[in-house]
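Everything on this sheet refers to the single structure shown next.
The values are calculated or read from the model by the stated rules, or taken from the named source; none is laboratory data. The model shown is predicted, which means the values in this text are computed figures rather than measured ones. In this analysis, Cβ positions are derived from the backbone assuming ideal geometry, glycine residues included, and neighbour counts consider all displayed protein chains. Accessible surface areas use protein heavy atoms only, side chains included; no ligands, DNA or RNA. Shrake-Rupley method; radii C 1.70, N 1.55, O 1.52, S 1.80 Å.
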Amino acid sequence: MIHVSFSSSKFTAVAMASRKKVLLKVIILGDSSVGKTSLMNQYVNRKFSNQYKATIGADFLTKEVTVDDRSVTMQIWDTAGQERFQSLGVAFYRGADCCVLVFDVTAPNTFKSLDSWRDEFLVQASPREPENFPFVLLGNKVDLEPRSISSKRAQQWCQSKNNIPYFETSAKEALNVEQAFLAIAKNALAQQNSAVDLYNEFPDQIKLTYAQKPPSSGSSCC
Amino acid sequence: MSETSESDEVRELFVQDGVLLFSAAASFINFVKSVGTLMITEYSDGTKFIEWKPIDVTVDSDIQDQEWAVVNTVEKRIRTLSGTVPPEHKNRSKYLRISFEDIKSFRISDKSRRLTLNDGKSEPICTYLFQHGNCDHLVGCLKTLVKTVASRRDKHLFIIPDIKDPEHEKIDRSFAELNVCTDSAYAWKLWNNFQERPVVATFEAFAKITDLVYRGPEHREIDADDVKEILNRSITEYESTTTTHSQGDYEVIDVPDLPKRRDFPRGKPLNLEQWLGVQDNEGRIEDSECIKLMIFQGGIVPSLREEVWKYLLDYYPWNCTKIERQKLVSQKNDEYFSMKLQWKTMTKTQEDNFTDYKERKTQIEKDVSRTDRTIDFYAGDNNPNLQILNDILMTYVMYNFDLGYVQGMSDLLSPILHLMQSEVDAFWCFVGFMNKLSSNFDADQVGMKEQLSNLHTILAFIDPDLAAYFDSHDSGNMFFCFRWLLVWFKRELSEEDCMSFWEVLWTGFPCDNFHLLICCAILTEEKRKLMDNNFGFTEILKHINELCGQLNVEKILNDAQGIFYQIKESEQLTDVVRLLLGLPILSNNSFDNHETSPFEESIDASNGSSSSPPKCSVDNVRISPDEVTFEKSLSSNFL
């Protein structure tokens, strides 16, 4: 059986039946200074620095990993956290296979923002099935005191959002970072495997016309 | 005009003080950027020269260590048409002397404040800047001494025809062939008219030809097209050998429609001597444009930055006296501390009830602790300079609450505070910088979107291939340049480079939005790597981000200046690009794309045509057609 699926990014074309390399696009979102850049660098480079600057614009790192015997390239995107930069950051949301939400367990406001980060992502990235799109929540800076958001509270929030997986991490101490990203990769891959197309439209067709919707289910065959 | 006082061998036909030697041959490098006197001289053998001599700057050693050394530079301003010969005239060894025979053309620019002499072969011989008044009198005098012809393509360029030049003969011969004009003076007059009043002159020429055809002495039949052909050929051939565009040391780029890119090596930085030299006895700087131009060309010596930046960032007005500055500083000091007191005295309850304020405060704390911590000045725990950085940003929130604090601002403040080392001075300089860049931090990011769109417009003009490549690779929104533009390359450059770079951009030379030409300079440099590797959206962004720490400031400034002149001198220059660069818009007149100097204004006025068009600033244009394109590309990219 040959099963071919497409996603809207040309970097995520996958031939599932084959052992072809898979590219997973992961977006890290969350308030300024919750540790997005640090988590990314800890996972990819196994390094932590107190001297990271506030992210301006966007950047990404890639890492080769093996998930369920599959060789996978993770492309992890890091964007600026301040709210006003989001109107431009959306350029990077498209084609995402997983969205990682991050808050700082010592800063309650960063937890309160999670809803708006999630909603904003779903609006801008427009995945086909928003309720099934894979999110993962990271409560970062667990090495710091005093803690203001309990595990229970975070987990409750996750349950209310269709059981988002939750990890408590410390980018500084490299605590749970590897496990968290492995889960992120698995969720992203599972999503790619199950969904024919995460997104509503094909980019090539969008360019031709806005009014005309492409066929909604014509992309799979068995 | 020619009446001169007698001297030994030299007659000074014209003298003008306050002329800065802007560029010259290597042997005069020590005098470049010095102020001096420009003269037209005639020697006893009849040879005429344009001579420039530097003013000897004498510093009184007794007062050298004071804050303000008194420097005696311009003794008095002289501009004479009769030769008042200075007593030291016999010692002319230091003079930059250029024989009339070597000058093939000269170009007037910057509203007649800049004069460049060309030898018609390679580099310009030299360029003078007229700090007091302009070069009109000198050029007026020059025109009485030599025959000059305005260039047809560049009306700021005046050609001095060489009598022995074969091209000159060719034109004479053309007129002779036609047998229209009996003497060459008439031919030259006719040709000059062609430059200035082409329509009238053409009809005049045709009238002559009509005379010739119907009533001519030899009843020779001449086709009018032949006449045009001969005239045009002569003029074109003549000009192709003399325009400034034919000079050496070009960088070849593969855009056929633009003039070749010229090289603009960086000049020497503004030094203390020059800086003090442009101030009058009370410490006023009258000619701020000249200073800015020098900074644009070569930057500022580091030890002088702290002082000059206050002017560039509009803290000190250029024309204020030393006493006025002291008063201003005291007043600004009080103003700063009263604003600082406003937030310092806010109670916790007030803060809790003032969410917007609290958010800004939190964001500043977060960002200050991660701003340039690798630089010694900000390194280490509990570094007091971080507190100052924090306090300035907090006070700025009180100064401009609407803008408040946005990420990136701490990057803009950091080098300023490091340089100034004074909280109050750094604050007011930062205010000046923010006034230039505030639209970068709009809540809706309109300012940034507009800049990215404008960058695309300019790039599409100078390198359509590259712009089309970005369009077809999901990168037409130019987002990969976001970081460059938001903090003016602060993240890409070392602190020292950043300082040299910013001060050049602050001058406002040579045009509006010069920073977008910087972007174009880098992008066109990277073009081959991007296109040959067929980079897509992600790879382009990665490649551009990885240029961090790789950029050579001198090179990008040089290249961007080259691009500016390519654009300015391009015959296809569009009004959209003119607007973006602050160049005058020309209504339906694509032939002439140069600014109007007082010389041409009088000609224009006599012809009843309109005078210089209104200068439009890009600020007036909120939505350009490309803005729409940009929105479209946003939509298509984000869906």
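Worth pointing out:
- Some residue of segment B:494-501 being among the polar types (S, T, N, Q), crowded, with 20+ Cβ neighbours inside 10 Å and touching an Asp or Glu at 6+ places or on another chain (Cβ under 8 Å): no
- Any hit, segment B:51-70, residues being open to solvent by 50 Å² or more (accessible area, probe 1.4 Å) and at pLDDT 70 or above: no
- Here A:Glu168 clears all of (1) of a type outside the set (S, T, N, Q); (2) closer than 16 Å to A:Lys36 by Cα; (3) open to solvent by 60 Å² or more (accessible area, probe 1.4 Å) except the condition numbered (3).
- Subset tally (residues that are crowded, with 17+ Cβ neighbours inside 10 Å and modelled with pLDDT of 80 or more) for segment A:185-201: 7
- Taking each residue of segment A:125-147 that is farther than 12 Å from A:Asp104 by Cβ and looking for partners that are part of a helix (DSSP H, G or I) and basic (Lys, Arg) with beta-carbon atoms closer than 7 Å, six or more apart or interchain, yields A:Phe135/A:Arg118.
- Of residues in segment B:102-153 being open to solvent by less than 10 Å² (accessible area, probe 1.4 Å) and at pLDDT below 80, the one nearest to the chain's Cα centre (by Cα): B:Ser151
- Residue within segment B:403-421 that is more than 25 Å from B:His515 (Cβ to Cβ) and away from every other protein chain (no Cβ under 13 Å) present: yes
- Within the set B:Leu312, B:Leu328, B:Leu341, the sole residue that is buried (at least 17 other Cβ atoms within 10 Å of the Cβ) and either within 33 Å of the chain's Cα centre (by Cα) or over 27 Å from A:Thr55 (Cα atoms) (or both) turns out to be B:Leu312.
- Note on segment B:425-524: enclosed helices (runs of 4 or more DSSP H) holding 3 or more residues that are among the acidic types (Asp, Glu) and at pLDDT 95 or above are B:495-506.
- Checking A:Val90 against (1) under 19 Å from A:Phe133 (Cα atoms); (2) touching a strand residue (DSSP E or B) at 6+ places or on another chain (Cβ under 8 Å); (3) modelled with pLDDT under 95, the condition it does not meet: (2)
- Candidates in segment B:502-543 are the residues that are within 14 Å of chain A (Cβ to nearest Cβ) and open to solvent by 30 Å² or more (accessible area, probe 1.4 Å); of these, the one that is nearest to B:Gly299 (Cα to Cα) is B:His543.
Residues are listed down the side, and each one gets a yes or a no for (1) open to solvent by 20 Å² or more (accessible area, probe 1.4 Å); (2) under 30 Å from B:Ile540 (Cα atoms); (3) modelled with pLDDT under 90:
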site	(1), (2), (3)
A:Thr62	yes, yes, no
A:Thr73	no, yes, no
A:Arg84	yes, yes, yes
A:Arg94	yes, yes, yes
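- Those residues of segment A:117-146 which are closer than 28 Å to B:Lys358 by Cβ, more than 14 Å from the chain's Cα centre (by Cα) and either crowded, with 23+ Cβ neighbours inside 10 Å or within 14 Å of chain B (Cβ to nearest Cβ) (or both), in sequence order: A:Val123, A:Gly139, A:Asn140, A:Lys141, A:Leu144
- When residues of segment B:351-403 are limited to those that are assigned to a loop (DSSP other than H, G, I, E, B) and hydrophobic (A, V, I, L, M, F, W, C), the one surrounded by the most Cβ atoms within 10 Å (Cβ to Cβ): B:Leu403
- Test: residue in segment A:46-59 that is surrounded by fewer than 19 Cβ atoms within 10 Å (Cβ to Cβ), under 16 Å from the mean Cα position of the chain (by Cα) and more than 10 Å from chain B (Cβ to nearest Cβ): no
- Test: residue in segment B:277-284 that is at pLDDT below 95, of a type in the set (A, V, I, L, M, F, W, C) and open to solvent by 10 Å² or more (accessible area, probe 1.4 Å): yes
- Residue check for B:Asn440: more than 24 Å from B:Pro265 (Cβ to Cβ) and out of contact with any His (no Cβ under 9 Å at 6 or more places or on another chain): yes
- Restricting attention to segment B:287-309, the residues that are within 21 Å of B:Cys511 (Cα to Cα), open to solvent by 10 Å² or more (accessible area, probe 1.4 Å) and assigned to a loop (DSSP other than H, G, I, E, B) total 1.
- Qualifying residue in segment A:83-91 (condition: within 13 Å of another protein chain (Cβ to nearest Cβ), in contact with a helix residue (DSSP H, G or I) (Cβ under 7 Å, 6 or more places away or on another chain) and not in a helix (DSSP H, G or I)): no
- Tabulated pairs, segment B:454-471, first closer than 12 Å to B:Leu517 by Cα and β-branched (Val, Ile, Thr), second open to solvent by less than 10 Å² (accessible area, probe 1.4 Å) and outside any helix (DSSP H, G or I), C-beta under 9 angstrom, 6+ apart or interchain: B:Ile462/B:Ser570
- Restricting attention to segment B:545-570 and to residues that are away from every other protein chain (no Cβ under 14 Å) and assigned to a loop (DSSP other than H, G, I, E, B), the residue that is nearest to the chain's Cα centre (by Cα) turns out to be B:Glu569.
- Restricting attention to segment B:457-484 and to residues that are within 9 Å of chain A (Cβ to nearest Cβ), within 25 Å of B:Val504 (Cα to Cα) and not charged (D, E, K, R), the residue that is surrounded by the most Cβ atoms within 10 Å (Cβ to Cβ) turns out to be B:Trp484.
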